[in-house]
Amino acid sequence: MMKKYNEKTEVLEKIADSITAWIGSIQSLIVHTLLFITSFLLPMLNIIEFDKMLLILTTVLSLEAIYLAIFIQMSVNKSNEKIEDIQEDIEEISEDIEDIQEDIEEISEDIEEINEDIEDIQEDIEEISEEDEEDDHNERARNVMLKSNVSSNKNEIKALKDIIAQLQNEIDQMKKE
């Protein structure tokens, strides 16, 4: 039973939307103008008495005004529903942006810690390198490779920091909008 009610309501809403759209069109303006002209021509052509024409025209216009008021209120109600939906979407997006910002801050802190660890490792390598200067040539080559890897990791971390800073700026700009 509820399904039939919902289907009937949807059909009525579609009809009301169609009528509302038509009433606000040029075609409606033309039809109304022709009806008014015809209404005033009928008494002139002695087809209907002037008093009866005014009575019919007034009744029709009163009924039309009532329906127009209903259609206007329906449009206002739909607009309010859409505005509420949009506000909810904006709130959800804002919460998501805040979550992303927190994640970026955490990632930035993690990268800082990793960078510090890499610096510590590099210092350890330098100490080992100084202690092991007497080691053979292969050992030195391996240390050079480790330093190169550390340097490479530093560059990658710096690039990640730059990307995070850029994302942070974009989030701040989105918040301002």
Value of Rg to Rh for the chain (Rh from inverse mean 1/r over Cα pairs, i.e. Kirkwood): 1.55
24 Å Cα cut-off, lysine pairs counted over the chain (separation 8 or more, or different chains): 15
Amide N of segment 97-116 lying under 20 Å from the label point, which is placed 7 angstrom from the Cα of N153 along Cα→Cβ: 107-116
Two-site FRET efficiency, A21 against T58, from Cβ-Cβ distance with R₀ of 25 Å, rounded to 0.05: 0.40
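Since every read-out is calculated from the coordinates, none of them should be taken as a lab result. Keep in mind that what you see is a predicted model, and the values were worked out from it rather than measured. A quick note on method: Cβ atoms are made from the backbone with ideal geometry, for glycine too, and the neighbour counts reach across all protein chains shown.
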